[in-house]
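Step one of this worksheet: look at the structure below.
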Amino acid sequence: MTYHNLSESHVNPFDLSSRVAIVTGGNGGLGLAMARGLARAGAAIAIAARDDSKGGAAAKELNALASRARFLSVRRLIGIVVPKTDRGGNGGLRRL
Amino acid sequence: MNRRKPPEQITEQEWHEILDVNLGAALFCAQAAYTHMKAAGRGKILNIGSMYSLFGAAGVAAYAASKGGLVQLTRSLACAWAPDNIQVNAILPGWIDTELTRRARQQVADLHDFVLVRTPAGRWGEPGDLAGAAVFLCSSAADFVTGAALPVYGGYSARG
């Protein structure tokens, strides 16, 4: 494991260009604002959100920031997460 | 997810919905990411808390329980996954001008002005105010920062 020592490194410590960020709820509000920041820092962005049209629009906007943004439907993520949280139909996740 | 109502009126279903979405989903999304981050040899997980990770209020018992729990979840994941070079932190947004808080301002009289007076910065936050903290905590600059809950709130709790 290597650690960055910023006092000795010439690398920009805030550079995210080798990173991929999955931003849940990243199609609006606080999520999109944080996705913009991560995109400007160079990260490739995967917007994971429920609303397909808002998600597509957010990815398009982020790509205009010279980012590599994609919209991911969260249905697969929900398929993984919901069976672990739902208890006898009480879980709110099932309705997402 | 939030529903404003007195605690004596919260139904079992509402409780589970709010806890599942705000807290349970954070754990199980993190589990889904963990496998890949461990294989990659590094990773950053950023949970989004709330002012109600720090405070309570009469109408938000389930929401505050979920957001307080999210900070403890964050600390526990940070401890468990630090050996895998995965840092887990939380951002606690203050009163930010969003669709959610616009609705809150319609429901709670005087909330808008209360926040202005109570916040040392003297303004509501903008969504973009969170971007710097998110970039920092997701970057190598924060490789030794884990289990932290960083409020981004214009000094809201700094004033007694």
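About its Cα centre, how strong a charge dipole does the stretch B:1-116 have in debye, to the nearest 20, once Lys and Arg get +1 and Asp and Glu get -1 at the Cβ?
Numbers: 11 positive and 10 negative charges, 71 e Å.
With Lys and Arg at +1 and Asp and Glu at -1, about 340 debye.
Run the dipole for the protein assembly as shown about the Cα centre, Lys and Arg Cβ at +1, Asp and Glu Cβ at -1, nothing else charged, and hand back the magnitude in debye, nearest 20.
Computed about the Cα centre, the dipole is about 420 debye.
Lys and Arg at +1, Asp and Glu at -1: add these up for the other residues within a Cβ distance under 14 Å of A:Leu38 and post the number.
Working: positive: A:Arg19, A:Arg36, A:Arg40, A:Arg68, A:Arg70, B:Lys44; negative: A:Asp15, A:Glu61.
Neighbour charge sum, excluding A:Leu38 itself: +4.
Counting only other residues whose beta carbon sits under 15 Å from that of B:Gly59, what net charge do I get with K and R as +1, D and E as -1?
Value of the local net charge: +3.
In debye, nearest 20, what is the charge dipole magnitude of the stretch B:58-135 about its Cα centre with +1 on Lys and Arg Cβ and -1 on Asp and Glu Cβ, if you could check?
Charge dipole of the stretch B:58-135: 180 debye, to the nearest 20.
For the stretch B:7-152, calculate the relative contact order in percent as a whole number, restricting contacts to Cα pairs under 8 Å that are 6 or more residues apart. Don't skip to the end; give the middle numbers.
On the way: 189 pairs, mean separation 40.2, N = 146.
Rounded, it is 28 percent for the stretch B:7-152.
Starting from the Cα of A:Leu65, step 7 Å along the direction of its Cβ; do the same at B:Arg3; then give the gap between the two resulting points in nm.
3.4
Any lysines with Cα under 30 Å of the B:Lys5 Cα? List them, leaving off those in the same chain fewer than 8 positions away.
A:Lys54, A:Lys84, B:Lys67
Once fully extended, how much extra length lies between B:Ser76 and B:Leu100, figured as 0.36 nm per residue of separation less the alpha-carbon to alpha-carbon distance?
Details: separation 24, 0.36 × 24 = 8.64 nm, distance 2.84 nm.
Computed gain between B:Ser76 and B:Leu100 is 5.8 nm.
Bear in mind that the values in this text are calculations on the coordinates, not laboratory data. From a predicted model like this one, the values you see are computed outputs, not experimental measurements. Quick reminder, even Gly has a Cβ in these numbers, built from the backbone with ideal geometry, and neighbours come from all protein chains shown.
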